[in-house]
Amino acid sequence: MAGWAMTPNSLRLVCSENGGYAHAPELNDVLHLHRKGICEVSNLEPYLGLKTLYLESNSIDTLDGLRHLAHLRCLYIAKNSLFDLQGVCFLKTLTTLDISENRVGSLEGLRGHPSISVLIAAGNRLKDLQSIEALSMCLALTSLDLMDNNLDDPDVMTWLTNGNELTQEQGVNSSPAGNNTLASRLRLLKFRGNPVVSMTPSYRKKIIAAMGSLNYLDDTPVFHKDRRLAVAFRTGGMDLERVERQAIMEDDRLARERSQRKFEEMVSSSIADAEARKVNGETAPTADPYRFMSHSAAREAKLMQEENVPEWRIEEMRAQETFPWQVREREEKTRERAEATRRQDAETQDAEEALVTETQKAERDAEQVRLEETELLVRAENLGKHLVGNEVGSVVEEVLGEDVVGVVVSDLEKHAETSARQERESERESEEETEIIPIAIPVDDDGATQDIPFALVADDFETLRVYDPGAFARELELRTVAGAYKDERSEARKRELERHAVATSDARGGAVVYGTPSFDILWAQAKALGEAREAEALGDLDDLDDEFDGSGEYSESDSGSGSVDSDADVFERHSVASIGTGTGKA
């Protein structure tokens, strides 16, 4: 699968994703290109201002695409496919280089580099002294990481410690004059994980003794006591180391005694000064016990110490924000808000009063002007009643002056037009109010309409029912009793049916109504017809012979009437009206 292509567009997208300058590549000083699958570095020519470049976890095998980055200071290119460091010499300002976990077999490309100070080359394929010897020419190198390589050459350890063996006469912090070897410059060395480490007895002591400026070896810091013991061991072996250890213990005891004496002298001096001030009547200055606390912590401490407030109460007040000063601050803020609201209300009220005053003044002025104009108009009208033609103008000019003659005349015309319009509107309204509304006039054929029943009205007051409050109350009480009017309703229903039966009797040619004798005869005929059809369907017509007498209610000849079809459905329903029309009147 092809790796990520370093095209100009993709580089601008990376700058945009990491908060860089996509529109101006030269302004970017950091570029993150790790874990992109890059096989070849290219298209970085516009990024001349880069100072830090991240290229970890790619597939880069050469550094040729970085030669133009003259300001590059930090290059992180771990976990790639580098075999050598050709091209690093062109990066003159490079100070930090991480090439860990590559396939580098030699550091020759770093020979004579003027500025590199930190080199991380762990997990590569360095094997012998020749592969790392070029580091002695890197005069600025102070931090070196060569862990987990394949260095198994004993000469490597000799090269690291050459010319840097310290003696007791030179001191633990001194080095030979003019010595500028790698061992004298290194402050940090990580060498663990190489075969030569296990091959060298007392490896840590030899390295510490040889490197007088070393502060950190592998995963452990180097202390002053460690360096003294290492120098003693390097000089005289275990015996001299034990002697040096005793000397170190004695020096520690003497240092503690000196500190104790200084403390006692300080206390004695303070006591003497206090007594001298007491003799002279001077008051000793009282130091603030809360001077090293923050303002809030000091106030809480004063509550506990001076007012005996328990700690649980302090925590509760802190959680609820009910400390006395907090309550006072809230009250002060409340008062300030109330005062601000009061001032705002007062200002609003003053503004409203001023607005009302101005409005009233404007209304008074307008009323005064209106009165003056009205007075002028009245005077002009009074004068106009006695003058005609040209005399009006002359008189008005004499009375009012030439400046207001035109105004007065125009006002008179407007007033006349307004009066005429109002008179016309009032006349139109009076005409609308006096409009004659037609009333209902009785005609000759206003009698009762035929076949429409109507209620009769009593001719005199004697036939009207007189309202009786007691009877009305009893009637209301009866209406609340269930079934109180059952019999009356049944009788009224029966009378109504009889009335309808008489009104729709056969003599008038109307339809047969339920409850009349005609209806009973027709219903008997309908029942008999249904039973006859059912018997006919079952083949048992003899059972129905002579069931009815000769009263005309039913006969064999009736079954053959025109309204009865022998082929009809057995369960066909027939209306009373159709049977009645087919059988005739009873």
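Report the gain in length on full extension from Thr286 to Arg364: 0.36 nm times residue separation, minus Cα-Cα distance, nm rounded to one decimal.
Once the chain is fully extended between Thr286 and Arg364, it gains 20.3 nm.
Leaving out same-chain residues fewer than 8 places away, which lysines sit with a Cα under 18 Å from that of Lys51?
Filter leaves Lys92.
Taking a virtual spin label 7 Å from the Cα of Thr95 along the C-beta vector, which residues in region 1-38 bring their backbone nitrogen under 20 Å of it?
The answer is 28-32, whose backbone nitrogens lie closer than 20 Å to the label point.
Cys89: accessible area at probe 1.4 Å, nearest 10 Å²?
The value for Cys89 is about 60 Å².
Would you mind giving the three semi-axes, in whole Å and largest first, of the ellipsoid equivalent to region 1-147 according to its Cα gyration tensor?
So the three semi-axes of region 1-147 are 27, 17, 11 Å.
Can you pull the accessible area of Asp239 for me, 1.4 Å probe, Å² to the nearest 10?
100 Å²
Based on a Kirkwood Rh over C-alpha pairs, give the Stokes-Einstein translational diffusion coefficient of region 186-234 at 37 °C and viscosity 0.692 mPa s in µm²/s.
Translational D for this selection: 301 µm²/s.
Using 0.36 nm times the number of residues separating Glu372 and Glu332, minus their current alpha carbon distance, what extension gain do you get?
Computed gain between Glu372 and Glu332 is 8.5 nm.
Got a number for the accessible area of His71? Probe 1.4 Å, square angstrom, nearest 10.
That residue has around 110 Å² of solvent-accessible surface.
Compute the distance in nm between two label points, each set 7 Å from the Cα along the Cα-to-Cβ direction, one at Ala297 and one at Arg35.
Roughly 4.1 nm, to one decimal.
What list of ³J(HN,Hα) values in whole Hz, one per residue of region 260-273 in order, does the Karplus curve 6.51 cos²θ - 1.76 cosθ + 1.60 (θ = phi - 60°) give from phi, with Gly and Pro shown as x?
Here the 3J(HN,Hα) series is 5, 5, 5, 5, 5, 5, 5, 5, 4, 5, 5, 5, 5, 5 Hz.
For region 249-391, place one equal point scatterer on every Cα, skip the solvent, and apply the Debye formula. What is log10 of I(q)/I(0) at q = 0.14, 0.16, 0.19 Å⁻¹?
Here the Debye-derived log intensity ratios amount to -1.00, -1.05, -1.14.
What FRET efficiency do you get for Val243 and Asp219 if R0 is 35 Å and r is their Cβ-Cβ distance, rounded to the nearest 0.05?
Values: r = 29 Å, r/R0 = 0.83.
Computed FRET efficiency for Val243 and Asp219 comes out at 0.75.
Calculate, in whole percent, how much of the Cα-Cα pair population of region 234-315 lies beyond 23 Å.
The proportion of pairs with Cα distances above 23 Å equals 63 percent.
Carbon-plus-sulfur fraction of the accessible area of region 265-344, 1.4 Å probe, in percent?
51 percent
Out of region 1-59, which chymotrypsin sites (Phe, Trp or Tyr not before Pro) are coil in DSSP terms and have no more than 15 other C-beta atoms within 10 Å? Each step should come with its number before you reach the end.
Numbers: sites: Trp4, Tyr21, Tyr47, Tyr54; in loops: Trp4, Tyr21, Tyr47.
Sites meeting the loop and neighbour criteria: Trp4, Tyr21.
Using the heavy atoms of the protein chains and a 1.4 angstrom probe, tell me the accessible area per residue for region 1-112 in square angstrom.
On a per-residue basis, 49 Å².
Accessible area of region 1-145 with a 1.4 Å probe: how many percent of it is carbon plus sulfur?
On the way: 3440 of 6720 Å².
Carbon and sulfur together cover 51 percent of it.
The values are calculated or read from the model by the stated rules, or taken from the named source; none is laboratory data. The structure displayed is predicted, hence computed values, not measured ones. Reconstructed Cβ throughout: ideal geometry from the backbone, glycine too, with neighbour counts over all protein chains shown. Quick note on the areas: whole protein, heavy atoms, side chains included, nothing else; ligands and nucleic acids left out. Shrake-Rupley method; radii C 1.70, N 1.55, O 1.52, S 1.80 Å.
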